[in-house]
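Down below is the structure, laid out as structure tokens.
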Amino acid sequence: MTKQTIQSTFKSEDTEEIIDIYFYRPIGFWLAKLAEKIKISPNQITVTSIVLGIIAGFFFFFSELYLNVIGMLILMFANMLDSADGQLARMTKQTSALGRWLDGAAGDFWFISIYFFICLRLTLDGFTLWIWPFAAVTGIYFHTRQASLADYYRTLHLMFLKNKSENEFQRSPDIRKKYDSRSWTRDFFSKFALMTYVNYNETQEKMTPQLQKFYVLMREKMGDNIPQQLRDEFREHSKPLMKYCNILTFNTRCIALFISLFLAKPWLYFVFEFTVLNAIFFYMRYRHERICTHFYTKLFRNEF
């Protein structure tokens, strides 16, 4: 049996963040090895991380900094577990639709709790009730779109980087076929996960019309046999955008959140989400759609 290393549990070096490589992944690897030894599944780790992330949000309700710091530490541990579940799944080949849904939903559950308790805190501190709809739009609409698209672009990048057996990139029609084949009575949790997953994918696809045109044409012409030239060229164009994908995921958000809490101005996090992260989101999507238009044109002209 090949000895597992930390690097073997990375999704890829193209898509890993510095903080993850040197902090979360090493700890996650140790936790994954421990979980493997005591027979804990990736999904059980994910559910635990969801519970801890929700609890962390509660500690941001208080104005006392030491309680906020406790919440920060709990949230960081939740993210360690979120790293460990994926590493364990890759180590043990335990992947499933339910696991992908839980992993994608974990951060949403954390931040719903965080947004709720910060809004409650601000309301009791005398803020106008308008903070609630502002936070709802910022969190439910912008946050979810930003994180969803970043995840979609990273998964697509990995499709061009890795072989077919490691490919997790899927389109909603393929997921819907799996959903239709499941029974609510016999496969309730699997069918529920697929129902949520197909809706998640459809949202991603609506945001990326040029990507969808390119992908459909590529599959029509090449099926699963994507030539190495296309793989290499797409990776070369896509890789510079991975830094924007990483900014729109957990670590940058946490740094901004923690700074706002240390300043005792948690509302600043909502402003950061609404302005800085949205600007990065729209720029990233614009750049990626341009890339996909370029490759669609080359495919249409049979240049691969």
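Some notes on this structure:
- What you get for the chain, charging only the Cβ of Lys and Arg (+1) and of Asp and Glu (-1), is a dipole of about 700 debye around the Cα centre.
- Neighbour cut-off at most 16 other Cβ (10 Å), DSSP loop, trypsin sites (Lys or Arg not before Pro), the stretch 102-167: 162
- Cα shape, the stretch 122-228, gyration tensor, a/c 1.5 rule: oblate
- Checking the Cα-Cα distances for 11/178; 11/243; 213/243; 33/191; 178/213; 33/162 against a 18 Å cut-off, the pairs over it are 11/178; 213/243; 33/191; 178/213; 33/162.
- Computed over the stretch 7-300: relative contact order in percent, which uses C-alpha pairs under 8 Å that are six or more apart: 21 percent
- Note: the stretch 40-124, Cα convex hull, 63 Å³ per residue.
- Entry note: the stretch 7-300 has Rg to Rh equal to 0.97, where both radii use alpha-carbon atoms and Rh is the Kirkwood radius.
- 3J(HN,Hα) along the stretch 172-180: 4, x, 5, 5, 5, 4, 5, 4, 5 Hz, from the Karplus curve 6.51 cos²θ - 1.76 cosθ + 1.60 with θ = phi - 60°, whole Hz, x for Gly and Pro.
- Positive-end ranking of 80, 222, 106 along the dipole of the chain, with charges on Cβ about the Cα centre, is headed by 222.
- Cα gyration tensor shape of the stretch 1-156, rounded if a/c is under 1.5, else prolate or oblate by comparing a/b with b/c: prolate
No lab work stands behind these numbers, since they all come straight from the coordinates. Because the structure is predicted, anything quoted here is derived from the model rather than measured. Cβ: placed from backbone, ideal geometry, glycine included. Neighbour counts: every protein chain shown.
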